[in-house]
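The values are calculated or read from the model by the stated rules, or taken from the named source; none is laboratory data. Here the structure is a predicted model, which is why all the values come from computation and not from measurement. We place every Cβ from the backbone using ideal geometry, glycine too, and count neighbours over all the protein chains shown.
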Amino acid sequence: MSVTEASHDTAGMTAVHEGTYSGGLWSWVTTVDHKRIGIMYAVFAFFFFLVGGLEALLIRIQLGSPESTLIDPDLYNQLFTMHGTTMVFLAVMPLSAAFFNFMVPLQIGARDVAFPRLNAFSLWVFVFGAFFLNSSFLFGGAPDAGWFGYANLTSTQYSPGVRIDFWVLGLQILGVSSIAAALNFIVTIINLRAPGMSLMRMPLFTWMTFVTSFLLILAFPAITVGLVLLMFDRTFGTAFFNPAAGGDVLLWQHLFWIFGHPEVYILLLPGLGIISEVIPTFSRKPLFGYPFVVYSGILIAFLGFGVWAHHMFAVGLGPIGNTVFSATTMLIAIPTGVKIFNWIATMWGGSLRLKTPLYFAVGFIAMFIIGGLSGVMHSSAAADLQQTDSYFVVAHIHYVLFGGVIFALFSGIYYWFPKITGKMLSERIGKAHFWLMLIAFNLTFFPQHYLGMHGMPRRTFTYQEGLGFEAMNLMSTIGSLVLGFSILIFLWNVLHSLRKGESAGPDPWGGATLEWAIASPPPHYNFRVEPAVHSRDPLWSEGGLDVDVNDPAAPEPHMPSPSLWPCILAFGLVVVAIGAVAKTLPVVLAGAGVVVVAIYGWAFQPLER
Amino acid sequence: MENSVTEHDHASVKTYLVVAAVLGIITAVEVAIFYIDALRPVLVPLLLTLSAAKFTLVVSFFMHLKYDSKIFRGLFVGPLAVAVLIILAMLALFGVFGGGGGAA
Amino acid sequence: MSETAAASAEMHHTSTGLPNRKLLMWAFIGSECMLFGSLIITYLVYRGRSIVGPYPEELLNIPFITVTTFVLLMSSLTMVLALAAVQRNDMRQGKLWLLMTALLGLVFLSGQVYEFSHFVHEGLGLTTNLFGASFFLLTGTHGAHVFVGVIWLTTLFVLAVRGKLTSANAETVEITGLYWHFVDVVWIVLFTIIYLLV
């Protein structure tokens, strides 16, 4: 174990040599270092991104021709359900979490997050929960009622077996991970900022992490309750969503979307934060209208709680409900627009450096505008009556989530890969990746606007010949295959660059924020000497930082010790879930026992030993 | 910025006892009102006000929010406001306030 | 307990001068507002929609619940007295009030258990109707929170008995108190909307 291998100084405290880590699996399993935790989030997130992508390719291949019998309806239902669930909960959110983890402490000049062990706990709960959810494929089939699981399709009457139980329990576990992480980042950002870094001097990515964290802690409880109601219906026979007993299936929809709409902003805001860092850096110009970009982020989050029923325009909310939610949905376009204008104004008159991160950032802006336009079209309840549940919505969501969020995340990956690994990603391969992805993405999803307008419904495993859907579907399928290929190009870039990439140095891009003041990859403790800041762009200020944050003469900082308890506690939770899905009380109790022991073990273990 | 902990203002034990007594009295009043038929028409607003008062007393004094940093107040009141607004919106959507509800 | 005195100098700097764990507990309480809010929505939306009885007006016993409510309110008083005692390092009083708080919590829980079994006896189970489902879920979730609090308080009491809890751990006791008072505050809301607004 790494602690016993490390040397001891005369004070009897363990010292870890600068920049070097103990290797080995054990050190990764017990790490509480935000950087390692971030890397693990990224690796697992990318793995599940590929899994979700495979599910998408199967869907597209099935839809490439009319009345295809390649994939039967049952498997198709599992594929679109798991594609959505995987991409939202197991790919995009953890990828954002990877960035929160690695970058936020660096950006605020801290040595780690406020609660390092809680951070490790969030990671392990996510990992175990993700595999628990996907194990359903081996145990009777994956969840198959859509990523939004509408009642009462999810009742035991219409969904017998354990597929939905896997879904309910899997999401509950993932919820625990997200809430714990969000609480951690809220405290970290409030309390661990470098001296001089007021809230209005924080990097935009940290700001968006902060706002996203509030969305997480407020939105997840709603779906937690919805899932509990569903679980009680399925396990104990309660009547929450049983119309025959007076239950209202719409209660599920409301609770789900009270979570679900803020959830899409949880997916989006970190990406907006990344773009707000990349554009100034590659325009060599501070972000135009910083306060407006901050306030618009906060406003999007707040308004995001007031639009949820726009996912329910076809259920019969009544004229007042429809009108109110149409109005709030139209309103929310405004702060988003403000951000776009600020980014463009930042580039205007700037000295543009045409590197891959900027390509993805500009690509993001263009694709997100298109997605936003289709979104505004949805905001009219009347128009949405035709669009809802059609491929028009599929086009919209993929323009904002792929053309938007994924492009932004790739921008972040190209931007911060040098910091994380110490190597530069190849510009040549990166630009090839970008162009191929941009073209393939549009080829895949633009035709879907047409399909939706002409009445092709969502979530159906095939369509009849002669309805006029063939050409657009074929185009979309071809696009998706090329899109998949472009991801392979990216993977090649990563593997190639890790081996043969140019050495990055601390600041390859000439960045403004604190993460660029330290080595790439950063030493274990991040900053040897704590920085102080006096402006929003500390590295661009006159004379740069006033202290040498890497001063080797300064004493080496003492960091929290590794711990196994977070992993054990996470494991206990999953054992409870396994027992629940198998309806085996002894296993549930065993898991609960592990949970209790782990809580006490953790509570009584000193943070630093 | 470092030592801005506001532990100067402090509720005394006497204050806690007074607050506890007030909480007890309000509870007794709430129950009494429940049984007084003449107050039926204003029962709901009256009870909501009284329990809001108890809520505020516990949060302000026992949870020390009155004397503590505004940051804690923000962390509590913000989410509370979001929760209350969503509850009210849902009640309206489900017709609990009479009229409008088409959600069922 | 662990973190306080042993934490390294690097972790001591805070931007606000406020303790991390206290910020964490308040943020958590904010999240719990949405959790109980969603459960309350479920209860209120389903009020009056049970197709079969028993119905709330037949079963809810206001006088009984008033007593248990009062007990829980008083436990908040004993909690602040415990904190005040620990802060001035009067561990004798500290132990007493911590124990009292846990005991009062147990009394409240016993009242809930009695009420629940009475309801079941009168024909109201979890699956009987919407009232049973939403009532037991809402009050049961609250009861589970009280139970966790009682365990937590008992743990602190045991530590104090062993001489391992002193004024250096006042922050821990304060944070326990915040959790406990919040659970009490939720009950204030539930008492009103379930029992008084029946």
- Task: Please go through segment B:31-43 and pick out each residue that is part of a helix (DSSP H, G or I), aliphatic (A, V, I, L, M) and surrounded by fewer than 13 Cβ atoms within 10 Å (Cβ to Cβ).
- Result: B:Ala32, B:Ala38, B:Val42
- Message: The conditions are (1) out of contact with any strand residue (DSSP E or B) (no Cβ under 9 Å at 6 or more places or on another chain); (2) in contact (Cβ under 8 Å) with a residue 60 or more places away in the chain; (3) surrounded by 20 or more Cβ atoms within 10 Å (Cβ to Cβ), and A:Gly321 fails exactly one of them. Which is it?
- Response: (2)
- Pick from segment C:138-166 the residues that are more than 12 Å from chain A (Cβ to nearest Cβ) and closer than 17 Å to C:His181 by Cβ: which of them is surrounded by the fewest Cβ atoms within 10 Å (Cβ to Cβ)? C:Phe147
- Output the residues belonging to segment A:189-205 that are in a helix (DSSP H, G or I) and buried (at least 24 other Cβ atoms within 10 Å of the Cβ). A:Ile189, A:Leu204, A:Phe205
- Item | C:Leu104 away from chain A (no Cβ under 14 Å) and surrounded by fewer than 20 Cβ atoms within 10 Å (Cβ to Cβ) | no
- Residue, farthest from C:Phe70 (Cα to Cα), within segment B:11-52, restricted to residues that are more than 8 Å from chain C (Cβ to nearest Cβ) and of a type in the set (S, T, N, Q): B:Ser12
- Note on the structure: Reported set for segment C:61-85 where residues are out of contact with any Leu (no Cβ under 7 Å at 6 or more places or on another chain) and over 18 Å from B:Ala28 (Cβ atoms) is C:Met79, C:Val80, C:Leu81, C:Leu83, C:Ala84, C:Ala85
- Query: Which ones in segment C:119-137 are more than 10 Å from every other protein chain (Cβ to nearest Cβ) and touching a residue at least 40 places away in the same chain (Cβ under 8 Å)?
  - Reply: C:Phe119, C:Glu122, C:Gly123, C:Leu124, C:Phe135
- Of all residues in segment A:140-172 being touching a residue at least 40 places away in the same chain (Cβ under 8 Å) and aromatic (Phe, Trp, Tyr), which is nearest to A:Ile578 (Cα to Cα)? A:Phe166
- Note on the structure: Condition set among the small types (Gly, Ala, Ser) and under 32 Å from the mean Cα position of the chain (by Cα), scope segment A:514-554, selection surrounded by the most Cβ atoms within 10 Å (Cβ to Cβ): answer is A:Ala517
- Query: From A:Ile274, A:Ile258, which residue is at the interface with another protein chain (Cβ under 8 Å from one of its Cβ atoms) and either crowded, with 24+ Cβ neighbours inside 10 Å or of a type in the set (Ser, Thr, Tyr) (or both)?
  - Reply: A:Ile258
- Query: Taking the condition in contact with a Gly (Cβ under 6 Å, 6 or more places away or on another chain) and either surrounded by fewer than 20 Cβ atoms within 10 Å (Cβ to Cβ) or part of a helix (DSSP H, G or I) (or both), does A:Asn342 pass?
  - Reply: yes
- Item | Inter-residue pairs, beta-carbon under 8 Å, first facing chain C (nearest Cβ under 8 Å) and in segment B:53-80, second surrounded by 20 or more Cβ atoms within 10 Å (Cβ to Cβ) and in a loop (DSSP other than H, G, I, E, B), 6+ apart | B:Val59/B:Leu65; B:Ser69/C:Leu18; B:Ile71/C:Leu18; B:Phe72/B:Leu65; B:Phe72/C:Leu18; B:Phe76/B:Leu65
- Quick check: anything in segment A:446-469 closer than 20 Å to A:Leu488 by Cα, more than 24 Å from the chain's Cα centre (by Cα) and either modelled with pLDDT of 95 or more or not in a loop (DSSP other than H, G, I, E, B) (or both)? no
- Query: Among the listed residues A:Val225, A:Val264, which satisfies the condition of being within 14 Å of chain B (Cβ to nearest Cβ) and among the β-branched types (Val, Ile, Thr)?
  - Reply: A:Val225
- Could you say which residue among A:Ala219, A:Ala244, A:Ala301 is surrounded by fewer than 22 Cβ atoms within 10 Å (Cβ to Cβ), in a helix (DSSP H, G or I) and hydrophobic (A, V, I, L, M, F, W, C)? A:Ala244
- Taking the condition part of a helix (DSSP H, G or I), among the aromatic types (Phe, Trp, Tyr), more than 11 Å from chain C (Cβ to nearest Cβ) and under 24 Å from A:Leu229 (Cβ atoms), does A:Trp252 pass? no
